[in-house]
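Have a look at the structure below, then the notes.
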Amino acid sequence: MCGIVGYVGKRNAKDVILDGLKRLEYRGYDSAGIALVRNGSVEIRQKVGEIRNLEELLDNESRRGISFESYTGIGHTRWATHGAPSDINAHPHADQSGTVAIVHNGIIENFVELKERLTRQYHVHFRSETDSEVIAQLIGIYMRDAESLEDAVYAATQDMTGAYAFAVISSKDPNKIVAVRKDAPLIAGIGKGENFIASDIPALLKYCKEIYLIENGEMVVVTADRIDIFDENRNPVRREVFHVTWDVDAAEKEGYPHFMLKEIYEQPKAIEETIARRLDEAGNIRLDGISLTKEDLANISRIYIVACGAAYPAGLVGKFIIEKLAKIPVEVDVASEFRYRDPLVDERTLFIAISQSGETLDTLAALRAAKAKGARVLSVVNVVGSSVARESDDVFYTWAGPEIAVASTKAYTTQLTCMYLLALHMGRTLGTISETDYHALLAALREIPGKLADYLRDVREVEALAKILYTRDQVFFIGRGLDAAVAYEGSLKLKEISYINSFAIAAGELKHGTIALMEPGTLVLCLATQDALYEKMLSNIQEIKARGAHVLTVAKAGNRAVEAQSNEVIYIPDCRDELTPLLSVVPLQLFAYDVAKERGCNIDKPKNLAKSVTVE
Ligand code: M6R
């Protein structure tokens, strides 16, 4: 979480940084700030709340003739961990002498100890409640005797433990940014007569398409003409240039009121792209760059799929389809639990990490724990070159393009698509599905983007339902089999953007406790898309209907028997049972979106959340 941008060059640094921060706001939006090296000192502006508050402050100053211009600066958008969102806790933080300013993403785990030491030994007075301020104070102390900013930064990093990326400027060594990465994303952007640093590619897309991906433990020293990278022992590092293929439009709203809606509508194209990237000319699945031979697959005794948030229900669908097609046992776990429960992992384990950002710390830590025990790691990731991708043996990219809204939509459905492609490939290679079944299911998968595009042509009924139901303070989602996985995702989507207390449960499990909560009028979203489980699901719907629940059902076109038991039915296009999750989640995404809109919520930037969760 937290976004970092830095600029050194010939433009007004403030403008470049503000622009970059706006594109990183999805990483956190509790406060924002900018530090510039100006007239031999470091000047800082910071403001609680969204970036527009900082922008307003700067505009007001400029109207009053107060200049805030420079060619070197750093900026930050915050997702609070230590210390409440406030002006004082907003980054950048300066040292006591006011000659050093830092912006930081991550957590300095030994900050209490460092704070005590700095207070005792150097009589440092801390201004904020943040862990980050110790970085500025430490560098400020080391700067007293250092020959360069990078010397002081290096010395400070020797004292710090934790996971972080931070960037520093100093009036004692101006025209330079020094940044360090340890378990939090950091990139350096290559310009002409100007250079950049950022925590994520969208911040720099407008200015450069060539970047260096900074690795763990590395320090980067950026001036207008040079970018020098050093490893943890300060040896110079030669890094290949990474060419970004997205264009700036991909990270813009393009007329949609919210990124989330744009991204919902991009799903047919994103799924099509994810499939197309994995098909050869004859229409067979090819996993270029992924070396899962028949021998490798035959050697796998167990698969763990590990993920957080929306990627977890994508893993549940993965379990269903891999076990069905490849006949390998699969366990699905949330990353924050997996890493601390001493899981049974060995050389015959395939560990599949699913992550849109590829920077989720829990997922990354779980991946490392599995790797340390000898597992082979395959990741399903959207952000090319991200930490999860780089630390995996094989990467299955989801070609969703940049996902900006905090609520995941197209990243989720492309993760599902990868699960289907992987399971089909495994099943065919191992001979656990017939050629006929392989081709039939693959053909049906290829029809999904078209079916989804058709569905999205007219979704007014979902909008109309949201207008009636948005005042509910509690919603249940139920389903059986694959529908249960979709229920979890639908419930997560609704709660995270509309703040309605929603709860998902396997429909058959209701009667073991949760049915006690059913009262006249309780809203229950029922997924009834599985032909094989249709009758069973109808019985569950009858059970809640008998308690007076308001039943909103999602069913496949043609399955009209459910109408008698439902207050309303949303029909998705007909398709094979195995593939319904790709379609049935979409009305749930739209329902969450429309409800959140009716409730006046900040849809793209829901409270307390951030797009990329790089803390434990
Ligand atoms: O980048 P990741 O896929 O690893 O992120 C995992 C979760 O933080 C993410 O899915 C989150 O739950 C979304 N807000 C869900 O919409």
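The strands (runs of 3 or more DSSP E) found wholly in region 507-616 and carrying at least 1 residues that are open to solvent by 10 Å² or more (accessible area, probe 1.4 Å) and either within 16 Å of the ligand (Cβ to nearest atom) or of a type in the set (Ser, Thr, Tyr) (or both) occupy 568-572. Filtering ALA466, ALA423, ALA453, ALA444 for residues that are over 30 Å from GLY283 (Cα atoms) and more than 16 Å from the ligand (Cβ to nearest atom) leaves a single hit, ALA466.
Of the residues ASN299, ASN382, the single one that is more than 23 Å from GLU273 (Cβ to Cβ) and polar (S, T, N, Q) is ASN299.
Checking each residue in region 2-53 for being in a strand (DSSP E or B), more than 24 Å from the chain's Cα centre (by Cα) and of a type in the set (A, V, I, L, M, F, W, C) picks out VAL8, ILE34, ALA35, LEU36, VAL37, VAL42, ILE44.
Within region 77-84, the presence of at least one residue that is open to solvent by less than 50 Å² (accessible area, probe 1.4 Å) and more than 18 Å from ILE34 (Cα to Cα) is confirmed.
Residue-by-condition table, conditions (1) part of a helix (DSSP H, G or I); (2) at pLDDT 95 or above; (3) surrounded by fewer than 16 Cβ atoms within 10 Å (Cβ to Cβ):
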{"site": "ALA389", "(1), (2), (3)": "yes, no, no"}
{"site": "LEU442", "(1), (2), (3)": "yes, yes, no"}
{"site": "GLY450", "(1), (2), (3)": "yes, yes, yes"}
{"site": "GLU461", "(1), (2), (3)": "yes, yes, yes"}
{"site": "ALA466", "(1), (2), (3)": "yes, yes, no"}
{"site": "ARG472", "(1), (2), (3)": "no, yes, no"}
{"site": "ALA485", "(1), (2), (3)": "yes, yes, no"}
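Against the definition (within 16 Å of the ligand (Cβ to nearest atom), among the small types (Gly, Ala, Ser) and under 19 Å from the mean Cα position of the chain (by Cα)), how does ALA370 come out, yes or no? The answer is no for ALA370. Here region 279-324 is the region considered, the condition is being out of contact with any strand residue (DSSP E or B) (no Cβ under 8 Å at 6 or more places or on another chain), open to solvent by less than 10 Å² (accessible area, probe 1.4 Å) and among the aliphatic types (A, V, I, L, M), and the residue that is modelled with the lowest pLDDT is LEU297. If you go through region 207-226 and keep only what is within 25 Å of PRO174 (Cβ to Cβ), under 28 Å from the mean Cα position of the chain (by Cα) and not acidic (Asp, Glu), you end up with TYR207, CYS208, ILE211, TYR212, ILE214, MET219, VAL220, VAL221, VAL222. Pairs are defined by a Cβ separation below 6 Å, a sequence spacing of at least 6 or placement on different chains, a first member in region 156-178 that is farther than 22 Å from THR360 by Cα, and a second member that is surrounded by fewer than 24 Cβ atoms within 10 Å (Cβ to Cβ) and of a type in the set (Phe, Trp, Tyr); the pairs so defined are ALA156/TYR142.
Screening region 325-343 for residues that are assigned to a loop (DSSP other than H, G, I, E, B) and at pLDDT 95 or above and picking the one that is farthest from the ligand (Cβ to nearest atom) gives LYS327.
The values are calculated or read from the model by the stated rules, or taken from the named source; none is laboratory data. On a predicted model such as this, the values are computed, not experimentally measured, just so you know. Backbone-built Cβ (ideal geometry, glycine too); neighbour counts: all protein chains shown. Only protein heavy atoms, including side chains, enter the accessible area calculation; ligands, DNA and RNA are left aside. Shrake-Rupley method; radii C 1.70, N 1.55, O 1.52, S 1.80 Å.
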